[in-house]
Every structure is written in structure tokens, then in C-alpha cells.
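Here the structure comes first, spelled out in C-alpha cells, and everything after it is commentary.
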Amino acid sequence: MNCEKYNNMIPEYISGELEEHATTEFEAHIKECTDCRVNLETEKAVLAMTAEDGYDVPEGLNSIILSKLPVKKPAFRINFMRYAVAASFFFLVIMSYFMFNPSVMNNSGSEFTFKTYSVLRPAALYTNDYLIGSDYDELITYKTELYDENKWTSDDTDIFQSEDDLINDLLTLEELESYDSYLSSL
Amino acid sequence: MFVNINGGKKKVGAVKIIAELTDRELVKKYVETKDQKYFARLMALYDRKLFNYIVRRIGSPENAADVYQTVWLKIASNLNGYRDENKFSNYLFFIATNACFDHLRGLKKDNDNFYRPVVRNEEDGSDYIENISSGTDDPETENEKREDREILDRAIGILPDEQKDVILLRAKGLSFREIAEMKRVSINSILSRYRYGVDKIKNSISKRR
């Protein structure tokens, strides 16, 4: 019998890596051959002894290792969606303020000019809505007269650059009252 | 009176408890969350196997603790590079083999105590004895087992590194094919190293007894 051949098969037989037909052949052989059977058992015993985990991991060693593990730093996560929504909302608030309050933003042609002084004149906020639907020509005439006659009380005389400016611009409450009395005197 | 709206049935959890997670799932979870509990679970699964492999591979329980620590810390910092198609145990022992090799090379360089037998005699002290787990067998059987282990450790200790590696990795459950892949040599070379190694161990044991 070719025992050397079968002895060489022992490691793979134990690890289960021997091909099926070789396994059948090997098993048939060891049934007949005592030497090979002893070799198989010895090799199994050596492997089992080697596999035995007889040493304890020193106490506390695992905890020490765990304490040395890299800790995940709290990531500086920017929630872009949240910030984008907040920014959009803020933008809308600001824009709506300017859009619905022509006293702050003056649209002359394609250019927008901000007249911050209007914001500082609360009384003027009253005026634009009041004037909508009025006779603009008359108003222009009136304001021009005021201007020509140096009756204009505002320091910001430079605002009368164009007709649009005049219409869109604001009057103080006193000026409106003056305009009302002018209209009633006609 | 409280009414159980689920009709008294508990919801069967979609969330697995940590003990049910596979190695791969544990690795994935740890990489994603860096939560130590996943790593601790991996350690609990392999700590004893790994420690015993290292002790036998380097032949020193005292130095094994350092190497053991190095291995786990390397694993922790390199888990991003762990490829999912490999078994975690193979990856672990691959790192461990390299760490043992580095350790032994360092000892060789220093020319200091290159080979220290695991088993020390009584004059050397009793650290080794303390490191051996206490079994449930009676003292006589326990002594016999310890003697067998000493003989085996000596026999393994004098094997060439290549043979020692294959035998110890095989003993930790790796197949010859997996060892061949890890070592990047043919399966026949691995089998040949294994056979030579086991024959030497068998001879050493039979001589000592």
C-alpha cells in the first residue's frame, strides 16, 4: 500500500479541503491501514493541542486597548439644507421689505437706488399709499412749485431727479397736509 | 386600566442585538460609528485565540501582551482598509503574523533574547504558571496537561518561522488555501511546510516522553 500518498493527504483531510473523490479513497484506505489511522489520530491530537488556548489574556489589557482607540471627533457637520432654508427665508424677508416699501428702494429705470433716509422718516411711510390713485400731474405740478418757490421743506432736494422720482418719492406728513389744503383751495 | 394596543404582541425587533452581529457587520458598524462597543465585541470574539497565537508565535507570554496590544490598535486604525470579501479572522491573523515578525526581528536586531522558551524552569520564576488558565481537572490531570503543553510549546518554539506560522494559523482555524493566499505562496508549499513542521513536533514529543 502506498501509505506515503495517504499520509500526505492527512492535513487536507483534517481541514476538509480534500477533494471528494480523494476523500473517499483516503477513508477507504485508513479503514484497512492501522499505521495511517494512527498517523491521522496523532496529527489530529497535535493540531488540537496547538489549537488549545491555554493562556489567559492578562486582566485589564482589553480595557487598556479600548481606552486607546481613536475616538470619533464630533464632526463639524453643516446642515446645508437647514442653513439654505434659513438663508432663503432671511433673504425673502429682506427683499419683501424693500419690494413692498418703495420708500426704501427707488426704481429708476433699471437701476435700484436705496434711499436710506426715507427709512428714517416714519411719517413719510404714510404717503405713497395715500398718493396712489391721485392725480399725479397735479402732484408733480404742486411739488415742482414747492421746489421752485423754495417751499420744499425737505433737505433732500436732490431726490427730484426725474418724474418717477417725484412720484415714487415720499412726502412728509406736513407736506401732505399742505398738499391737501392746496387741493381743497383749488 | 391600560390597554395594550399591540394586542399583547411584542414587536419582533428589526434591530439586531450586538451578539447577533457577524464579524463583518461589527466591523462596518465600528467604522461607521467608532462606537467602542462594536470593537469590544470583536475583541471578545477573538482575544483568547489571538493572544494564544501570539504567545506561541513569539515564545513569550510577557512580550505577547505588547504585541497583542499592537495588533488590536493596528486593526482599529486600519479597519477602513479591511476588504469585506475577506474573513475578519484572516485579516486579524494576517496583522498578527506581521506584528510577531516585526517583534522577533526587533529582538534579533538587538541580539537580545531572540528565542525565549515559553516555559521557564522554577529558577526563572512562576509568571508562566500564573498565565495558564486554571482548568477544572484534578491536579494530576492538570499537571499532565501542563507538561504536554510545555513539551508542545518547546517543540513549536524550535520550528523555523515558516513552519511555525503555518501550523499556528492552521490551528486557529485557517484553511491551507487561506494561509496560502495570506502568505502569497502556493498551497503545495504551505502543505509541505505544514507536514515538515508537524513531523518535527511529533518527533520532539516522542523523544521527550
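Annotation: of all residues in segment B:173-194 being facing another protein chain (nearest Cβ under 7 Å) and open to solvent by less than 60 Å² (accessible area, probe 1.4 Å), the one that is farthest from the chain's Cα centre (by Cα) is B:LEU191. Applying a threshold of 6 Å to beta carbon distances and a minimum spacing of six or more residues, or different chains, the list of pairs starting in segment B:21-46 at a residue that is more than 19 Å from B:PHE93 (Cα to Cα) and ending at one that is assigned to a loop (DSSP other than H, G, I, E, B) and among the basic types (Lys, Arg) reads B:LYS34/A:LYS72. For segment A:87-106, taking the residues that are part of a helix (DSSP H, G or I) and among the aliphatic types (A, V, I, L, M), the one that is modelled with the lowest pLDDT is identified as A:MET99. The set of residues from segment A:41-63 being closer than 22 Å to A:ASN8 by Cβ and of a type in the set (Asp, Glu) comprises A:GLU41, A:GLU43. Annotation note: of B:ARG57, B:ARG105, B:ARG83, B:ARG48, the sole residue that is at pLDDT 90 or above and open to solvent by 70 Å² or more (accessible area, probe 1.4 Å) is B:ARG48.
Applying the selection to segment B:90-100, what residues are of a type in the set (S, T, N, Q) and open to solvent by less than 20 Å² (accessible area, probe 1.4 Å)? Correct list: B:THR97 only. Here A:SER15 clears all of (1) modelled with pLDDT of 90 or more; (2) more than 7 Å from every other protein chain (Cβ to nearest Cβ) except the condition numbered (2).
Assess whether B:ALA155 counts as being in a helix (DSSP H, G or I) and touching a Ser or Thr at 6+ places or on another chain (Cβ under 6 Å). Yes, satisfied. Out of the residues in segment B:3-45 that are of a type in the set (Gly, Ala, Ser) and at pLDDT below 65, state the one that is most open to solvent (accessible area, probe 1.4 Å). Per the stated criteria, the residue is B:ALA14.
The values are calculated or read from the model by the stated rules, or taken from the named source; none is laboratory data. Treat the numbers as computed from the prediction; the structure is a model and nothing was measured. Methodologically, a virtual Cβ is constructed for each residue, glycine included, from the backbone with ideal geometry; neighbour enumeration extends over all protein chains shown. With ligands, DNA and RNA removed, areas are computed over all heavy atoms of the protein, side chains included. Shrake-Rupley method; radii C 1.70, N 1.55, O 1.52, S 1.80 Å.
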